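What follows is a set of notes on a single structure, which appears directly below.
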Amino acid sequence: MNAGPVMGHALTKQNHAPNRLRLAVVDMVGTTITDDGRTERAVSRALVEHGIEPGSTRFEGMLGYARDTMGFSKLTVFSHLFDDPAVASSANKVFEDTYDELIKDGGVRAIAGAEDAILWMRESGMQICLATGFGRHTQNMVLESLGWMGLADLSLCPSDAGRGRPYPDMILTAVLALDLDDVREVAVVGDTSSDMLSGVRSGASLVAGVLTGSHSEATLRAAGATVVVDSIKQLPLLIEKREARHL
């Protein structure tokens with residue numbers, strides 16, 4: 001008999017405006033860091049070592065697919081490119097080993113203003129999750145090379161969550177791990193269509209595309225970006241204005 005009032009309360013709560021942002025799930029390569037094409041070079045090496053002739057139509061088609069799916073779990077990408085799961089796993093291992101080698105003596109650097117933007121968000125009371133399509137070892141290598149191991153509250157890769165982008169799993173894992181009440185308290189920031197799709201699918205209220213990486217403004221908006229900015233360094237002002245509107 002009491003179901004009516006409880007249901008009414010739940011619906012009323014559901015219709016409230018989004019809460020204050022408490023978490024930003026932020027992509028790495030192309031959004032907060034640049035690797036000057038090392039991701040693509042590592043993909044190319046993996047293709048060549050698995051019998052794909054450089055410059056061939058098949059090679060260019062596969063590399064084009066890898067570009068289009070930047071942000072996806074790399075194992076997922078190779079699983080699409082190679083029918084045999086063992087070959088896909090082997091190609092992914094070559095990719096990771098090659099990438100590790102390419103960044104061992106540097107080669108990745110922060111995008112201008114990225115670290116300041118992350119620190120600003122943390123100081124304003126938001127938590128930060130750095131998310132990637134890389135495996136855990138590679139993600140840690142990148143974070144260590146930048147001195148970023150303690151920069152975020154959490155770092156996640158696809159294996160931590162079950163599935164990588166464009167699925168919402170990493171975002172929802174961050175929501176659970178960091179004890180948020182509402183997915184509308186989440187901002188998702190990235191440079192690829194898969195970042196935008198994962199943000200939309202998670203229910204995040206701010207899905208921000210940046211133009212420092214792989215995809216164009218048109219591609220980001222088509223994938224569901226609620227806003228597109230030139231760089232992550234513009235994010236603090238964007239969040240400030242948004243929060244002011246929701247006071």
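The values are calculated or read from the model by the stated rules, or taken from the named source; none is laboratory data. All values reported here derive from a predicted model rather than from experimental measurement. Please note: Cβ atoms are built from the backbone with ideal geometry, for glycine as well, and neighbour counts cover all protein chains shown. When the accessible area is computed, the model is the full protein with side chains, heavy atoms only, and any ligands, DNA or RNA have been set aside. Shrake-Rupley method; radii C 1.70, N 1.55, O 1.52, S 1.80 Å.
For the stretch 123-134, a residue qualifies if it is touching a residue at least 12 places away in the same chain (Cβ under 8 Å), of a type outside the set (Val, Ile, Thr) and either in contact with a helix residue (DSSP H, G or I) (Cβ under 8 Å, 6 or more places away or on another chain) or on the phi < 0 side of the Ramachandran plot (or both), and the qualifying residues are Ser124, Met126, Gln127, Cys129, Leu130, Ala131, Gly133, Phe134. Put simply, of Pro158, Pro166 the only residue that is in contact with a Leu (Cβ under 8 Å, 6 or more places away or on another chain), in contact (Cβ under 8 Å) with a residue 60 or more places away in the chain and under 19 Å from His137 (Cβ atoms) is Pro158. I'm checking my understanding of the structure. Among residues of the stretch 230-242 that are more than 16 Å from the chain's Cα centre (by Cα) and of a type in the set (A, V, I, L, M), which one is most open to solvent (accessible area, probe 1.4 Å)? The residue in question is Leu237. Scan the stretch 31-52 for residues that are open to solvent by 30 Å² or more (accessible area, probe 1.4 Å), out of contact with any strand residue (DSSP E or B) (no Cβ under 7 Å at 6 or more places or on another chain) and not in a loop (DSSP other than H, G, I, E, B) and the total you get is 5.
Going through (1) of a type outside the set (Ser, Thr, Tyr); (2) in contact with a helix residue (DSSP H, G or I) (Cβ under 9 Å, 6 or more places away or on another chain); (3) surrounded by fewer than 16 Cβ atoms within 10 Å (Cβ to Cβ) one by one, Phe78 falls short only on (3). Scanning the stretch 53-74 for residues that are open to solvent by less than 80 Å² (accessible area, probe 1.4 Å), out of contact with any strand residue (DSSP E or B) (no Cβ under 8 Å at 6 or more places or on another chain) and outside any loop (DSSP other than H, G, I, E, B) yields a count of 8. Based on what the data block shows, is Met28 in contact (Cβ under 8 Å) with a residue 40 or more places away in the chain and open to solvent by less than 50 Å² (accessible area, probe 1.4 Å)? Considered against the rule, which asks whether it is in contact (Cβ under 8 Å) with a residue 40 or more places away in the chain and open to solvent by less than 50 Å² (accessible area, probe 1.4 Å), Met28 comes out as yes.
State which residue is least open to solvent (accessible area, probe 1.4 Å) when the search covers only the stretch 81-90 and only residues that are within 29 Å of Thr219 (Cβ to Cβ) and assigned to a helix (DSSP H, G or I). Ranking the candidates gives Ala88 first.
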